[in-house]
1. Does at least one position in segment B:131-151 carry a residue that is surrounded by fewer than 24 Cβ atoms within 10 Å (Cβ to Cβ), within 13 Å of another protein chain (Cβ to nearest Cβ), on the phi < 0 side of the Ramachandran plot and without any contact (Cβ under 8 Å) to a residue 60 or more places away in the chain?
2. If you go through segment A:65-82, how many residues are surrounded by fewer than 17 Cβ atoms within 10 Å (Cβ to Cβ) and either more than 21 Å from residue A:107 (Cβ to Cβ) or at pLDDT below 95 (or both)?
3. Regarding residue A:96, is this residue over 21 Å from residue A:216 (Cβ atoms), assigned to a strand (DSSP E or B) and in contact (Cβ under 8 Å) with a residue 40 or more places away in the chain?
4. Residue by residue through segment A:163-185, note down the ones that are surrounded by fewer than 20 Cβ atoms within 10 Å (Cβ to Cβ) and in contact with a strand residue (DSSP E or B) (Cβ under 7 Å, 6 or more places away or on another chain).
5. For segment A:6-70, please list each of the helices (runs of 4 or more DSSP H) lying entirely inside it that holds at least 1 residues being more than 14 Å from every other protein chain (Cβ to nearest Cβ).
6. When you scan segment B:32-48, how many residues do you find that are free of Cβ contacts under 8 Å to residues at least 60 places away in the same chain, surrounded by fewer than 20 Cβ atoms within 10 Å (Cβ to Cβ) and within 13 Å of residue B:7 (Cα to Cα)?
7. Does residue A:146 meet the test of being in contact (Cβ under 8 Å) with a residue 24 or more places away in the chain, away from every other protein chain (no Cβ under 14 Å) and over 17 Å from the mean Cα position of the chain (by Cα)?
8. Restricting to segment A:226-236, what's the tally of residues that are surrounded by fewer than 20 Cβ atoms within 10 Å (Cβ to Cβ) and not in a helix (DSSP H, G or I)?
């Protein structure tokens with residue numbers, strides 16, 4: 001069994017028939033698949049109520065030392081988001097910030113998103129951003145250049161399965177942006193995407209994320225297990241890179 | 001591994017959308033590496049170019065490789081029925097049909113497709129059909145009601161599980177292929193709600209990673225008997241029931 005840090009997980013309910021969403025169910029999943037630490041964002045905060053969701057996540061983190069969090073921000077609510085940053089981001093249990101442009105409708109390179117980035121930039125903590133398609137990757141590119149010390153994790157490594165436009169754009173962008181990381185989760189997993197990513201940017205900037213509790217971690221473990229890359233590269237992806245990036 | 005794996009969802013041929021080795025040789029090599037016993041397959045030529053040429057290629061390829069079972073396709077943008085085409089395909093050895101409205105861009109309310117369904121009654125082979133968007137399973141399950149052949153919905157994921165369960169409770173001829181069932185308890189929930197006998201393993205090889213499809217089933221918290229049914233028993237039964 002691999003030793004794993006999961007850098008992309010969600011805590012909360014889903015609008016799908018997914019029952020394994022309680023802390024106990026999540027712990028059971030972690031034990032079954034060797035997941036040592038998990039970094040969550042709140043589903044509620046991402047899809048609905050930012051403050052309520054971050055509060056729920058904060059309570060989870062108080063009870064479970066192996067769980068960590070991202071503070072989710074909503075660029076439609078600038079002042080409230082700044083309050084969330086002040087409330088949570090200094091905590092050792094919150095390791096970064098989560099932005100989801102698809103739910104908020106605010107692109108990562110919008111003036112509102114960038115105002116928030118300026119606000120949390122001094123904390124020196126990574127940003128996990130839902131990155132889907134070429135437009136998502138282009139927005140990350142703009143922000144990565146504007147904030148060169150900000151470590152940006154491209155969730156889903158650009159997404160867009162089958163034709164691969166998103167993930168290929170993400171790989172190409174990451175190659176020239178040393179402050180970016182590729183996180184691998186997603187439902188459609190084109191064979192070869194991991195090897196192509198490793199060949200282009202190196203295994204050191206690829207991170208394991210599962211999208212749990214939306215996606216089964218073992219589904220994504222299968223992606224890395226089947227990837228045509230050396231075992232050492234898989235160990236970096238599953239564990240070592242996240243340990244280094246988040247000082248875990 | 002201990003399971004007899006039969007894969008309902010594989011393809012081969014040239015893939016123009018990105019650079020990938022999707023040749024028959026690559027497919028067979030990967031299937032053998034993962035211990036797959038048999039696999040339904042078809043040439044992508046039949047999806048993206050010409051279904052007549054594609055079916056011929058599928059048949060020829062499968063004739064030379066015992067583990068591959070031929071699946072026929074028709075493209076309703078070209079096919080309009082009335083020529084006993086489906087009967088001929090069955091007579092030449094095809095084990096199932098598979099259609100691709102998602103990739104070919106035709107709707108369910110489409111006369112050539114309805115004609116296909118009419119003629120497929122006589123052919124009476126399993127039909128594999130994508131469930132790529134909300135509402136699709138609902139409509140397709142109703143359209144194929146009382147036709148006498150099973151419909152296996154591919155590409156069911158967390159976004160369509162609810163619809164699949166509701167449809168399967170109403171329609172005994174509906175099955176779900178598993179390669180995109182990626183939510184943490186998808187196999188457990190479906191097994192409990194509709195029964196493991198309604199789940200059919202597929203991998204989407206060689207376009208996807210095989211273990212992505214396999215591991216959620218092998219690791220599911222369902223009985224060993226249920227896993228064996230999902231991984232191969234159910235599909236073999238469907239195929240055997242229809243020659």
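The values are calculated or read from the model by the stated rules, or taken from the named source; none is laboratory data. Bear in mind the structure is a predicted one, so any value in this text is a computation, not a measurement. Counting neighbours? That spans all protein chains shown, and the Cβs are built from the backbone with ideal geometry, glycine included.
1. Yes - at least one qualifying residue is present in segment B:131-151.
2. 2
3. The answer is yes for residue A:96.
4. A:179
5. So the answer is A:43-47, A:50-63.
6. Here the count works out to 2.
7. yes
8. Count: 3.
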